[in-house]
Amino acid sequence: MDWWELLLTLFNRGKIICSVTIAPSLTALRSPLQQGRMVTGAMNRTLLSWTQREDGRFSVDPDTFRGHTDSIEDLQWSPTETDVFASCSADRSIRFWDVRVGKKSALTLSKAHEMDVNVISWNRIDSHLLVSGGDEGGLKVWDLRSV
């Protein structure tokens, strides 16, 4: 499946997709940690988990991850944990999810920024560190061992 076929599939589901991340590689559908796994985030606060089938198509888990109260702006897989990802939102929060645990966030930074949180990125050398950027122009570094 090409990237444009994937986007057509996502838009055909009636969702407006803001951010798509494929764990944790930059290539279209492959991951060195968990091949064929993907999460999507939408403006309607929906986080979905997708798994690539043997025929190359993606199937979606019908249960959504719940917690954000506004549009999801960015998603990032942990660089070291195959089942952990983070999301940020216009609700000013950053949430951390473990797909093994369930559909509620494992950790929430409720007021991470003064305005919308637009971008997050894991430190590839020290996976306890995450940086975030908000609409107010601020950057913050989070040490997950102490939050």
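Key figures
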{"read-out": "Whole-Å semi-axes of the ellipsoid equivalent to region 21-110 (Cα gyration tensor, √5λ, descending)", "value": "21, 14, 12"}
{"read-out": "Using a Förster distance of 25 Å, the FRET efficiency for R66-N118 (Cβ separation, nearest 0.05)", "value": "0.75"}
{"read-out": "Over region 65-147, relative contact order from alpha-carbon pairs under 8 Å, at least 6 apart, %", "value": "23"}
{"read-out": "Probe 1.4 Å, protein heavy atoms only - accessible area per residue of region 21-110 in square angstrom", "value": "47"}
{"read-out": "Linear extension gain, A106 paired with L129, 0.36 nm per residue minus alpha-carbon span", "value": "6.6 nm"}
{"read-out": "Placed amide H near K103: partners under 5 Å, 5+ positions off or other chain", "value": "none"}
{"read-out": "In Hz, Karplus ³J(HN,Hα) per residue of region 89-94 (6.51, -1.76, 1.60; θ = phi - 60°; x = Gly, Pro)", "value": "8, 5, 7, 6, 10, 10"}
{"read-out": "Protein accessible area in region 21-110, 1.4 Å probe - carbon and sulfur %", "value": "44"}
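The values are calculated or read from the model by the stated rules, or taken from the named source; none is laboratory data. Because the structure is a prediction, the values reported are computed rather than measured. Because the Cβ atoms are built from the backbone with ideal geometry, glycine has one as well, and the counts that use them run over all protein chains shown. Heavy atoms of the whole protein, side chains included, go into the accessibility calculation; ligands, DNA and RNA do not. Shrake-Rupley method; radii C 1.70, N 1.55, O 1.52, S 1.80 Å.
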